[in-house]
Amino acid sequence: MTTLYGMVDLTIGTGENVTRLRLFDGPLDLGFKHCAITSDFVGEFVALPYRASRSLYREVRHNVGYLINELIENAVKFREGGEILVETSIEANTFRVKVSNFVDQTTARRFQQLLSEITTGDPGERLIEKIEANATLGNTNSSGLGLLTLMSDYGAHFAWVFGSRLQDHKIPLETYASITVPDISN
């Protein structure tokens, strides 16, 4: 059975104008340096139409880059081998991204438990609670701080779909996110 966490509306298509990037696992080993390079590239690409305004350009580049980096880092950190697919689109004032990868069953269960915690209630309050808990317990692994920061400070919306069909004992995971970008016509 497919399991969904977050906003179901985010999982309905990504529009006609989709840009796809595939990060392949290979001899160079897919790692965090690829996350930064990819997120910088996507942030720059999305921000180009805003270059007439230095402040808007920097805001869009930063916000999109931060969102992409967090999602790709999570995919790299928790994936169970294989490639990572990043799909992006912009419609009206909304930047949307979908990151697809595979996780093992244990990771899927732990992530679902974390999502149950961080997707209920006010993201700002949850962020403060997580920061305090991490400071007290010294636990920063699988904390959800990056996702909570994106929800609280950047107004990001998320959805996660855990597939029901195992492929080589791996569960397909799709992470959807959206953030508002300024209207280019203003």
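Filter the range 72-108 down to residues that are open to solvent by 10 Å² or more (accessible area, probe 1.4 Å) and among the aromatic types (Phe, Trp, Tyr) and give me whichever is nearest to Arg22 (Cα to Cα). That would be Phe102.
When we screen Pro49, Pro27 for residues that are more than 14 Å from Thr175 (Cβ to Cβ), modelled with pLDDT of 85 or more and open to solvent by 50 Å² or more (accessible area, probe 1.4 Å), the only hit is Pro49. Specify the residue that is modelled with the highest pLDDT; the eligible residues are those in the range 113-150 that are under 21 Å from Gly163 (Cα atoms), of a type outside the set (Gly, Ala, Ser) and open to solvent by 40 Å² or more (accessible area, probe 1.4 Å). That would be Gln113. The number of residues in the range 163-186 being of a type in the set (A, V, I, L, M, F, W, C) and under 15 Å from Ile84 (Cα atoms) comes to 2.
Please verify whether Tyr66 is under 13 Å from the mean Cα position of the chain (by Cα), open to solvent by less than 80 Å² (accessible area, probe 1.4 Å) and of a type in the set (Ser, Thr, Tyr), treating the condition exactly as stated. Yes; evaluated as a whole, the condition is true for this residue.
Residue-by-condition table, conditions (1) in a helix (DSSP H, G or I); (2) within 13 Å of the chain's Cα centre (by Cα):
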| position | (1), (2) |
| --- | --- |
| Leu48 | yes, no |
| Arg61 | yes, no |
| Glu73 | yes, yes |
| Val76 | yes, yes |
| Gly81 | no, no |
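The values are calculated or read from the model by the stated rules, or taken from the named source; none is laboratory data. Note that the structure is predicted; figures quoted are calculated from it, not measured. So basically every Cβ, Gly included, is an ideal-geometry build from the backbone, and we count neighbours across all protein chains shown. These area figures cover heavy atoms from the full protein model, side chains too; ligands, DNA and RNA do not enter into them. Shrake-Rupley method; radii C 1.70, N 1.55, O 1.52, S 1.80 Å.
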